[in-house]
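To keep things clear, I will list the structure first and then write my remarks on it.
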Amino acid sequence: MPDRNIEFGRYGASGIKGHEAVARQLDALANFIATPISQRRGLLARLHYLTRTAHARQAAREAGLTVTNRTLQAWLDGKRNPSQQNLQAVEGAYRAVRRHNVARYLLARLNRQGRGTRVEFHPLNQSQVPRPRQRALSFRTLNVRHWDRIVEAWANEDDEALDDAWVNDATVDLGSEWGQYEYVTNIGFAA
C-alpha cells in the first residue's frame, strides 16, 4: 500500500520516495549528455542525437519538439539561437527519446536472463528525529528479478506507474518490513 506514511517527516526524518531514487539511478545508467544545454556544445550534442536519422526526428516530434526542419538546421548551423522555451523543449525531447532508446538495453542488463540485479536499500535519515521516536532501521539488500514494469514506467516518465511497479515488484519482497522502506536515503544498484 503506497502512501501509507501520510505525515512523513513530521518528527524530522528525511528521505525521498523509493521510486524517485530508482528513477535517479536509472537516469544515471542512461548516460545522458553531461554538458548543459545552455552551452553551445551541449545544445549541438542534443540536436545531433535528435536529428541524425528520420526515426530519431520522428521520435523527437512525438516527444514534443515541434519546430520546423529549417529552424533545426539554423540552430545546428549557429545562424539562430533557440529561445528558453525551445531549449526546454529540446531537453525534454532529448531525455524522452534517450530513455526510450536505452530502455530495452537496461531491461536486459537488469534482468540478466532471470538472475536479476542486487538492490541496496539505504534507510531514511533519522538524525533529526528525537530519540524516543526513532525506529530501528537497517541497510537491506534484495535481488530484484522482474524489472519489466519498472523500466517501462521509467521510460514513459510515469511516476504513479513507477511507484506502483516499484512497490509491487520489488519492495514487497523485503517481507513484513517493506513499509519501512517507502522513503529511503538512497537506492543503489549497478548493472
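Details
- Of the residues in the stretch 1-24, at least one is closer than 26 Å to residue 174 by Cβ, in contact with a strand residue (DSSP E or B) (Cβ under 6 Å, 6 or more places away or on another chain) and modelled with pLDDT of 95 or more.
- Residue in the stretch 25-32 that is among the acidic types (Asp, Glu), open to solvent by 70 Å² or more (accessible area, probe 1.4 Å) and under 21 Å from the mean Cα position of the chain (by Cα) present: no
- Among the residues of the stretch 28-52, those identified as free of Cβ contacts under 8 Å to residues at least 24 places away in the same chain and assigned to a helix (DSSP H, G or I) are 28, 41, 42, 45.
- Considering 56, 74, 63, the condition of being modelled with pLDDT of 95 or more and small (Gly, Ala, Ser) is satisfied by 74 alone.
- Tabulated pairs, the stretch 81-94, first buried (at least 18 other Cβ atoms within 10 Å of the Cβ), second among the basic types (Lys, Arg), C-beta under 8 angstrom, 6+ apart or interchain: 90/46; 91/46; 94/46
- Of all residues in the stretch 118-135, those being closer than 26 Å to residue 25 by Cβ and open to solvent by less than 100 Å² (accessible area, probe 1.4 Å) number 10.
The values are calculated or read from the model by the stated rules, or taken from the named source; none is laboratory data. Just so you know, these numbers come straight off a predicted model, no measurement behind them. When we count neighbours, we look across all protein chains shown, and the Cβ atoms used for this are built from the backbone with ideal geometry, even at glycine. Only protein heavy atoms, including side chains, enter the accessible area calculation; ligands, DNA and RNA are left aside. Shrake-Rupley method; radii C 1.70, N 1.55, O 1.52, S 1.80 Å.
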